[in-house]
Amino acid sequence: MLDKFIDKLPKKAVVSLWRQLRKIAFLRNLIVICVNARFIAAVVGIVENDAGEILIVKHTYKKYPWGLPSGGMRKENPCDALKREIMEETGFEIEPSEVLNVYYSRSPSCLTVVIRAKLIGGAFRPCAEISEHRFVSPDDIADLPAKQREMIVRMKK
């Protein structure tokens, strides 16, 4: 609603107001939050062990139970979010190495950061969200949803 109002104002007036507000950071941030679209931010991990196999987990609540480990971000950088999610859901420690891609989906409006990582330790422990895990060859991913298979195929290129 506020964004439609601001769009009707002359651009010079908006820029002038923005300059005046530069010393009131919380107000500028509030305006940015109100005017811009809301997104869910998520991470997906392509976690490899020493044999080059990929970690997949069995979700207790999804339509396709087997998938890559993933989760929401909580005002943290994507690599920290992935480390936290994997530790919380599996007990494994990982070391992120690179951001492979970023995907956008509309329903719900979500930006998903795909990160390659290396398994460095820990022991699997099931939780309310994840009941099992296994490591699979990058060529043996038929159990995964199509979008996640695409993520792995792109990684191999």
Which one is nearest to Leu119 (Cα to Cα) among residues in segment 63-90 that are in contact with a helix residue (DSSP H, G or I) (Cβ under 8 Å, 6 or more places away or on another chain) and not aliphatic (A, V, I, L, M)?
Pro69
All conditions in (1) surrounded by 14 or more Cβ atoms within 10 Å (Cβ to Cβ); (2) among the polar types (S, T, N, Q); (3) part of a strand (DSSP E or B) are true of Ser131 except (1)
By residue number, the members of segment 43-55 that are touching a Pro at 6+ places or on another chain (Cβ under 8 Å) and part of a strand (DSSP E or B) are Val43, Val44, Gly45, Val47, Ile54, Leu55
Flag for Asn49 being farther than 16 Å from Cys127 by Cβ, at pLDDT 90 or above and over 19 Å from the mean Cα position of the chain (by Cα):
yes
For Glu76, the lone unmet condition from (1) buried (at least 21 other Cβ atoms within 10 Å of the Cβ); (2) not in a strand (DSSP E or B) is (1)
I need every pair where a residue in segment 122-133 that is in contact (Cβ under 8 Å) with a residue 12 or more places away in the chain has its Cβ under 9 Å from the Cβ of a residue that is in a strand (DSSP E or B) and basic (Lys, Arg), sequence separation at least 6 or different chains.
Ile130/Lys58; Ser131/Lys58; Glu132/Lys58; His133/Lys58
Restricting the first residue to segment 97-110 and requiring it to be surrounded by 13 or more Cβ atoms within 10 Å (Cβ to Cβ), which pairs with a second residue that is modelled with pLDDT under 90 and of a type in the set (A, V, I, L, M, F, W, C) meet a Cβ separation below 8 Å and a spacing of at least six or different chains?
Leu100/Met155; Cys110/Phe39; Cys110/Ile40
So which pairs qualify, if the first residue must be in segment 40-59 and on the phi > 0 side of the Ramachandran plot, the second must be surrounded by fewer than 16 Cβ atoms within 10 Å (Cβ to Cβ), the Cβ gap must be under 8 Å, and the two must be at least 6 apart or on different chains?
Gly52/Ser137; Gly52/Pro138
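Checking the conditions here, which among Trp66, Trp18 is surrounded by 11 or more Cβ atoms within 10 Å (Cβ to Cβ), of a type outside the set (Val, Ile, Thr) and modelled with pLDDT under 70?
That would be Trp18, the only listed residue that is surrounded by 11 or more Cβ atoms within 10 Å (Cβ to Cβ), of a type outside the set (Val, Ile, Thr) and modelled with pLDDT under 70.
The values are calculated or read from the model by the stated rules, or taken from the named source; none is laboratory data. Just so it is clear, the model here is predicted, and its values are computed rather than measured. Every residue, glycine among them, receives a Cβ derived from its backbone with ideal geometry; neighbour counts consider all protein chains shown.
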